[in-house]
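A.B. asks: I am attaching a structure below and will ask some questions about it afterwards.
Read-outs: derived from the displayed coordinates by stated rules, not from any lab. Being a predicted model, the structure only gives us computed values, none of them experimental. Here the Cβ positions follow ideal geometry from the backbone for every residue, glycine too, while neighbour counts run over all protein chains shown.
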Amino acid sequence: MLKIYPVVIEFVGTLRPLLAQIERRDRDLGRQLRRAASSVALNLGEGMYSRGELRTARYHTALGSMRESLSCLEVAQAFGYVRTLDESLLAQVNRIIGTLVRLVEGHHK
């Protein structure tokens, strides 16, 4: 198992209170965030047990979904649905994105 996978699962769990806040104000944005965050974990999990091009595709999808998750959080903040995004949450997001970028780039070589 990749070391980043438990970090992704922790990230998903961390979103629970934020999702509740966002969904109270914007159900669609909350659903989008829920789907994107779930997609990160699901594609990463699938990619860990795939080979070749399929593995790279799953990691690339996980990266796109992680960036989408971050965008959802930033939009929620811009609309005032959440006050500020916790620095530890942003550090976790950046760690996940950085790792996924390295995984995608490493499989393109």
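A.B. asks: HN-Hα J couplings of region 31-44 from phi, Karplus 6.51/-1.76/1.60, θ = phi - 60°, integer Hz, Gly and Pro as x?
C.D. replies: Listing the rounded values in order: 5, 4, 5, 4, 5, 5, 5, 5, 4, 4, 5, 5, 6, 5 Hz.
A.B. asks: Can you work out the Karplus-derived ³J(HN,Hα) for every residue in region 21-27? Use 6.51 cos²θ - 1.76 cosθ + 1.60 with θ = phi - 60°, whole Hz, and x for glycine or proline.
C.D. replies: Once θ is set to phi - 60°, the couplings for region 21-27 become 5, 5, 5, 5, 9, 8, 4 Hz.
A.B. asks: Give me a comma-separated list of calculated 3J(HN,Hα) values for region 57-62, in order, Karplus coefficients 6.51, -1.76, 1.60 applied at θ = phi - 60°, integers in Hz, x for any Gly or Pro.
C.D. replies: 4, 5, 5, 5, 5, 4
A.B. asks: Any idea what % of Cα-Cα pairs in region 1-65 are farther than 13 Å?
C.D. replies: On the way: 1314 of 2080 pairs.
In whole percent, the share of Cα-Cα pairs in region 1-65 beyond 13 Å is 63.
A.B. asks: Right, something else. Where is the GNM fluctuation largest for the chain (alpha-carbon springs, 10 angstrom cutoff): S88, S38, S69?
C.D. replies: S88
A.B. asks: Shifting gears a bit: Beyond 25 Å, what share of the Cα-Cα pairs of region 4-108 remains, rounded to the nearest whole percent?
C.D. replies: Working: 1058 of 5460 pairs.
For region 4-108, the share of Cα pairs beyond 25 Å comes to 19 percent.
A.B. asks: If neighbour count is taken as other Cβ atoms inside 10 Å, put R51, R31, R58 in order from fewest to most.
C.D. replies: R51, R31, R58
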